[in-house]
Each structure stands twice: as structure tokens, then as C-alpha cells.
Amino acid sequence: MRFLYYIVVVLVVFVVPAAVLAEDLRTLIEERARDKLGPELPDGAGFHITTPDGAPSEAVMLSAFWMDKETGQYLANAVLEDSNVVRLSGLAIATLDVPVPTRRMQPGDRIAPGDLGHVKLALARVGSFTVTDPGDLVGMEVKRLLTQGRPIMTQSVTKPLIIDRGARVSIRYDDGLLALSAPGRALDDAFQGQNVRIVNLVSNTSLTGIAVGKGVVEVTR
């Protein structure tokens, strides 16, 4: 009985903690890769991790980790449950989900939620002008041809115009005490919330107002 007691003690002290501590190897590599990139990694970024053929699926820890930030190539020493150390090499590529059109879209088209899907791109391929938030695209108007499945650049979309240059507009003035309206003509294109130059057709004076609706400009003093 005493022999069985010591066997149980050994199993509890040594075997059980090791089983608890063992983690998915790719998870351990991703954690170290995130630490290496630090603030360079944008919110929402993921990782594509590769390991050598025959590599263990789990490890207790990585006792050493080296990584080239530019290429994502890494070397690591993985400590296994049996205390053996295995040298690993592979890639830890930072990725980002990027919205893309689900169909070919022409200039003048309005982007709806159903027009957008997403692709996973290596972070190194995501340029500074690439739109990464689908919320920045819904409701926007296509300015340049968008190809299905290709990332969208900021310069390829614009806020939809609600005022066209040369068009007739309604000029509104309201200071809380007095409300007036007059016909006018727009001297510029404008989207909602944008300043726009107009001409009051009654007084023939030039004014600057804010485009607040389709064909409506609000003037404040």
C-alpha cells in the first residue's frame, strides 16, 4: 500500500501539472510573435503560423524564440512534456481581414453591406491607403472601378454628393428666433456636412453654408 501511495504522489506532483501546462504549440508561437511586433501590430490582426513536418502539436513552453519582423521567419526551442527540447523553424505571418467587393462595382454605385466580403491578407501587403474597416465603406459612393475580391483604396470611394455644382438649392437660415428660406445656386459640389459656396438668387450675393440634405444648404451667422 505504501508503494502505491508514493506512485500516486509522483503522478500528482509531476505528471498532472505537466498535462495542465501543455498548450497548443501554434498558440505559444503566436504569443511570442505578438510580443515581438508589439505596437506595430494593429487591432484585429491575426497570425498564420507554420511549423515543420513532424513537429509536436503541444509544448509546455518556448525556452527561446527568435523572429525576423520583416519576413516572419522564426526559430524557437520548444520544451515538451517529457522535458525534451525541440528546435523549430517556420513562419509567423501577421494577417489582417480586409473588406473587398463581392462584385465588380462601377463609379457612381453606392456600397451596401451586401456588397462587401473579406479576405485575409499578410499585414505587409496592407498599404497605408487600404480601407480596413467595412464601416468606413458602407454608404460610400464608388469613385473608381472596384474589382471583385480586391482591397479597396481610400481614394477609390467618396461620400455621396447631395449638392451638385450649378444646381438649384434651397437656402435655409434659422437662428432659433427667425427662420428664412431663399432660392440659390451651388458653386461647388458637396457631400453632407461639407461647406459649400452658394449664390442667393434673390439678393445675388455669395454665401457659404453647410450641405444638410439633398439640395438643401443651411446658413448660419
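Centre-to-centre separation between the Cα atoms of the stretch 39-94 and those of the stretch 186-221: 59 Å. Calculated [222 nm] ellipticity per residue, helices only, for the chain: -3500 deg cm²/dmol; basis is -39500 (n - 2.57) per DSSP H run with n ≥ 4, divided by all residues, nearest 500. Could you give the angle, 0 to 90 degrees to the nearest 10, between helix 25-37's Cα long axis and the longest principal axis of the Cα atoms of the chain? Roughly 50 degrees between the two axes. Rounded to the nearest angstrom and listed largest first, the equivalent-ellipsoid semi-axes of the chain from its Cα gyration tensor are 63, 20, 14.
Each Cα pair under 8 Å and six or more residues apart adds its separation to the average, and for the chain the resulting relative contact order is 12 percent.
All of the numbers you see were taken from the coordinates with simple rules; none came from a lab. Here the structure is a predicted model, which is why all the values come from computation and not from measurement.
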